[in-house]
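The values are calculated or read from the model by the stated rules, or taken from the named source; none is laboratory data. Because the structure is predicted, anything quoted here is derived from the model rather than measured. Neighbour counts are summed over all protein chains in view; Cβ atoms, including those assigned to glycine, are modelled from backbone coordinates with ideal geometry. For accessibility, only protein heavy atoms count, side chains too; no ligands or nucleic acids. Shrake-Rupley method; radii C 1.70, N 1.55, O 1.52, S 1.80 Å.
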Amino acid sequence: MRRWLVFGAWWLVLSGWWLVSSAGEPEPTRPHFTDIASKSNFAYRTDNNFTGRKYFPQTMCGGVAAFDFDNDGRMDLFFTNGAKLPELEKTDPRFYNCLLRNRGDGTFEDVTARAGLLGKDLGFSFGVAAGDYDNDGFEDLFVCNAGPNVLYHNNGDGTFTDVTARSGIVKPKDVLSVAAAWFDYDNDGKLDLIVSNYTVWTPRTDKICAANGREYYCHPSVYTPVAHRLYHNLGNGRFEDVTESSGFGKELGKGMGVAIADFNGDGYMDVFVANDTMRNFLFINQKNGTFKESAFEWGVAYDESGKAGSSMGADAKDYNNDGWPDLFYNNLKGEIWGLYRNMGGKFFDYASGVSRVSRLSARSSGWSNGFVDYNNDGWKDLYSSNGDIDNMGDTSRQHDTMFENVDGKEFRDVSGLLGADFSHAGFQRGSAFVDLNNDGFEDLVVTSLDEKPRILLNSADNGNHWLLVNTIGRRSNRDGVGAALKLTTASGRTLYNHVTTSDGFMSSSDKRVHFGLGPEKAIASLEIHWPSGIVQTLKKPRADQILTVKEP
């Protein structure tokens, strides 16, 4: 314990040294995070059923989705959970999944049973993706599992129905699916589905690895890679597996996080998949229903030294405000976290070194992550949920990290300055960014093995302004996923973002598009490029509001 306290003190000093300015300038007020989970009555804990025997799936548990399932204007939370092993069954309530309804007063109500989302028959669950696949105005859920995956249809009355059997979404036998993302790859107005798969696994075939009489989790190299799967939305609740015809079936990987963005600016969404200990994949949309795997050409297959890392979560956003979505993935302690700067839609420049991300991240094992402007200064910062592979002992616990964006050029570690609840040490896994109280500052929800989730409310006390945009498509998919937004302030500053719920690891974030404006309150224009090709411009929208925009 003494060693842990010393390490914690050292970590706080290291994270704060950057804040001393050589010019002696005072540091602006920085928001902090407060965990409000204890104010609500719910039993959910992330339970990977670790009892000493080390089964492969145990390291990946606790996906989270932030979405407004009942359309009351308040974002709700859904969590996935593990199962009893080797039975691979949710044998008792400790393994049930969980839906928390946002009451709007800082508390949440557990409505899982009433909603039909306990998932008793799902086995060990991993990632979750929220999206309105049938354009009926209610967000649906897709849950990844060690057993069969499941598609839940939102009935619009607070309940969900398992429609997997009639949807046509079937995965090959015993394939372990980790994450998924909704996106409209052919711009036909219906959300399609990409599923990130890892390997073929069952409790019967689980490998035992040990040394010196001690068991450890096997290295990923002992597991066989598989294809990630693409499902095309045909409408009427039906999907077609187009993995082979689209080109996804040609590449075998060990999929973890998925990031969706239009990397080359051609109006069609592309797909990045982070692969564990293998080269990463970048599927560039060919606009004809097929994709070309182009990670080598674009420079994101490996790190700068040509090595494959334990790539975990992934996100794609424009962190330097040049109009092109950049790319980030994290990995385990001692490996180089990957930050890639988009060079005009032609290739990526490796930016981990020059941005200081490589040095800042060296001591952390990252799982989920994302670009998030936590302080509303107009620059997207980098968050990572961190934790050791094994949930064993205090010395294995890790803090989450927040790397603050300095003018789009480099990052500084402010993790130790965001409050004790943010600095909680544990075995963090899933995370979602969401404005839970609609105050314009992004909040954070994080799961950790063998713990209740942290529901971290952003203090919002620095005076910076903001805009939150809720897109509603008409010709485009109703969520507006894939719409590209450009905001111009009255002073001429330009900010960029796009509609997606996919970021990090096993998780799904608030679909509403967030802009931090810093001290500026006047907005000159908001330009939206819809997936349908329609370009919509709003003149002088008011700042500090949740703006609902319908596609014309």
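Enter the accessible area per residue of the stretch 477-541 (Å², integer; probe 1.4 Å; all protein chains in place).
With all protein chains present, the stretch 477-541 gives 32 Å² per residue.
Too long at a 22 Å Cα-Cα cut-off: which of K486/K521; K173/K254; K409/K511; K84/K333; K380/K486; K54/K90?
Violating the 22 Å limit, Cα to Cα: K409/K511; K84/K333.
If you wrap a convex hull around the C-alpha atoms of the stretch 357-436 and split its volume per residue, what is the figure in Å³?
In the stretch 357-436, the Cα hull volume divided by residue count equals 98 Å³.
Could you name the aspartates and glutamates in cross-link range of K550, using Cα to Cα under 19 Å and dropping any fewer than eight places away on the same chain?
Filter leaves D68, D72, D132, D134, D136, E139, D184, D188, D479, D510, E527.
Once the mean 1/r over all distinct Cα pairs of the stretch 120-269 is inverted, what Kirkwood radius in angstroms do you read off?
Final number for the Kirkwood radius of the stretch 120-269 is 16.6 Å.
What ranking, highest mean first, results for peptides 94-104, 424-434 when packing means the other Cβ atoms within 10 Å averaged over each residue?
Listed from highest to lowest mean packing, they are 424-434, 94-104.
To the nearest 20 Debye, how big is the dipole of the chain about its Cα centre, given +1 on the beta carbon of each Lys and Arg and -1 on that of each Asp and Glu?
The calculated dipole for the chain is roughly 800 debye.
Set Lys and Arg Cβ to +1 and Asp and Glu Cβ to -1, take the dipole of the chain about its Cα centre, and tell me which of N275, N71, L517 lies farthest positive.
N275
Given a 1.4 Å probe and every protein chain left where it sits, what share in percent of the accessible area of the chain is carbon and sulfur?
In the chain, the share of accessible area belonging to carbon and sulfur is 50 percent.
Using just the helices of the chain, give the 222 nm mean residue ellipticity in deg cm²/dmol: DSSP H runs with n ≥ 4 each add -39,500 (n - 2.57), and the total is spread over all residues, rounded to 500.
The per-residue figure over the chain is -1500 deg cm²/dmol.
So what are the stretch 440-552's ellipsoid semi-axes, whole angstrom, largest first, if each one is the square root of 5 times an eigenvalue of the alpha-carbon gyration tensor?
26, 20, 10
Dividing the alpha-carbon Rg of the chain by 2.2 N^0.38 Å yields what? It would help to have the intermediate numbers written out before the result.
Numbers: Rg = 21.5 Å, N = 552, 2.2 N^0.38 = 24.2 Å.
For the chain, the normalised Cα radius of gyration comes out at 0.89.
Measuring with a 1.4 Å probe in the full set of protein chains, what accessible area per residue, in whole Å², belongs to the stretch 117-237?
Details: 4290 Å² over 121 residues.
Value returned for the stretch 117-237: 35 Å² of accessible area per residue.
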